[in-house]
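> Pasting in a structure now, in structure tokens, and then I'll have a few things to ask.
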Amino acid sequence: MARTDRAGRVIAAPPEVVYGALLDREALEAWLPPEGMRGQIERWDPRPGGGFRMVLTYLDPSGSPGKTSDATDVVDIGFADLVPNECVVQRAAFEADDPSFAGTMTMTWHLAAAGDGTEVTVTAADVPPGIDQAAHETGIASSLANLASYVEAAG
């Protein structure tokens, strides 16, 4: 059965600022990796039908072996839909030999004005069964916290 993971947060920045951080290469490298990881984008094409390839490296891989290697998760992201200041839909596929990580997960980043800020809701659909749900939702929440820190510091 397909699984859906979710996380959300209100960020003290307007939707256009948050949306910009979802489509800026340097911004994504800074905020997208959850706590305990760093990221590097190897390919970048920010348009519908384009996407990016990110290498996520565990700072301490001993407790969390990677999906691609002992220390890394490599993910190819395609931009399925981009609605300025409202929504980014990504299709994510991990590079992994383990079939429990196979498949394409759809990540939807929905932005809604909330007072002076933006309510950001992330929905991950068709999550591969090898990804632990609690750890995944914690990781999404960590990325959202990083996004909030990134855009709020810039404002």
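The values are calculated or read from the model by the stated rules, or taken from the named source; none is laboratory data. The shown structure was predicted, so the numbers you read here are calculated from the model rather than taken from an experiment. Here Cβ is always computed from backbone atoms with ideal geometry, including for glycine, and neighbour counts include all displayed protein chains. Heads up: the accessible areas ignore ligands, DNA and RNA and are worked out on the full protein's heavy atoms, side chains in. Shrake-Rupley method; radii C 1.70, N 1.55, O 1.52, S 1.80 Å.
> For residues in the stretch 112-124 being of a type in the set (Gly, Ala, Ser) and open to solvent by 60 Å² or more (accessible area, probe 1.4 Å), which is nearest to Asp97 (Cα to Cα)?
Residue satisfying both the conditions and the ranking: Ala113.
> Output the number of residues of the stretch 1-33 satisfying the condition of being open to solvent by less than 30 Å² (accessible area, probe 1.4 Å), under 20 Å from Thr104 (Cβ atoms) and either of a type outside the set (A, V, I, L, M) or in a strand (DSSP E or B) (or both).
Qualifying residue count, the stretch 1-33: 2.
> The conditions are (1) part of a loop (DSSP other than H, G, I, E, B); (2) aliphatic (A, V, I, L, M); (3) surrounded by fewer than 16 Cβ atoms within 10 Å (Cβ to Cβ), and Val127 fails exactly one of them. Which is it?
(3)
> Report every pair of residues separated by at least 6 positions or lying on different chains whose Cβ atoms are under 9 Å apart, first residue within the stretch 49-60 and without any contact (Cβ under 8 Å) to a residue 24 or more places away in the chain and surrounded by 13 or more Cβ atoms within 10 Å (Cβ to Cβ), second among the acidic types (Asp, Glu) and not in a strand (DSSP E or B).
Hits for this filter: Tyr58/Asp70.
> May I pose another question? Of the conditions (1) out of contact with any Lys or Arg (no Cβ under 8 Å at 6 or more places or on another chain); (2) under 25 Å from Ala13 (Cα atoms); (3) open to solvent by 40 Å² or more (accessible area, probe 1.4 Å); (4) in contact (Cβ under 8 Å) with a residue 12 or more places away in the chain, Val83 satisfies every one except a single condition; which number is it?
(4)
> Of everything in the stretch 96-155, what is in contact with a helix residue (DSSP H, G or I) (Cβ under 7 Å, 6 or more places away or on another chain), modelled with pLDDT under 95 and either closer than 19 Å to Asp24 by Cβ or among the acidic types (Asp, Glu) (or both)? Give them in sequence order.
Selection gives Gly155 alone.
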